[in-house]
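Contents: one structure, followed by commentary.
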Amino acid sequence: MDQARVIALPDRPAGPRHVRPSQAAIDALPPGTGLYEIGDAPGFHVLCGKTKRSYLVVRRVRGRLLKRTLRSETFAAARREAMAVWRDSKPRPPGAAPCRRSRRTTDERRRSGAGAELPEEAVRIYSEVVKLDPCRAAAWGYLGLAHYDRHPHAEAERAFARLVVLDRHNGAALAMLAPSAATANMTRR
């Protein structure tokens, strides 16, 4: 009578393995270990081959599985490319035109005169709003943007500074405060 032997198999996690979303963590993966899901983005994977790493997008769109191998060599470039793939693969409503980003810069639009009267009107409207309700953070942000479009960067700096006082966790306000202040300081000299 043969006795059955029980062989203990190493535990394998169910589902894909995960890696932190950083270039250092991806570079630390051993070669030839296979597929890893990159932590913060579902459907974004890195495949560790014996000689090189490849980035992949795996996503289900309208019941069909979309698999794309990305051309990028670095994590940051692959992430940007994956975001473009996700954006382009989203189902659009019937009859909707594809989304196209304008290649014209703000300076080109300004030179062509497109919307020339809009910043002045926006400054007037948002100035009235902040006079009526000085605690409305969004109005200060829009007022700062309108001033920034018109080029009086000192006024834009004041509006963004007020917005930061009202909402200190507003990253957009902090991001716009820096160039406004820098440009305003250059024009003061």
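Here, each number is a calculation from the coordinates, and none is a lab measurement. Values in this document were obtained by computation on a predicted structure and should not be read as measured data. Here Cβ is always computed from backbone atoms with ideal geometry, including for glycine, and neighbour counts include all displayed protein chains.
Report the full-extension gain for the segment His151 to Ser72: residue separation times 0.36 nm, less the Cα-Cα distance, to one decimal in nm.
In short, 24.6 nm is gained.
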Item to check | Cα-based reach from Lys52 at 23 Å (exclusive), listing lysines while leaving out same-chain residues under 8 positions away | outcome: Lys67
Checklist entry - How would you rank Phe44, Phe160, going from fewest to most other Cβ atoms within 10 Å of each one's own Cβ? => result Phe44, Phe160
Checklist outcome for this item: Rounded to the nearest Å, the spacing of the alpha-carbon centers of region 22-39 and region 151-175 is 40 Å
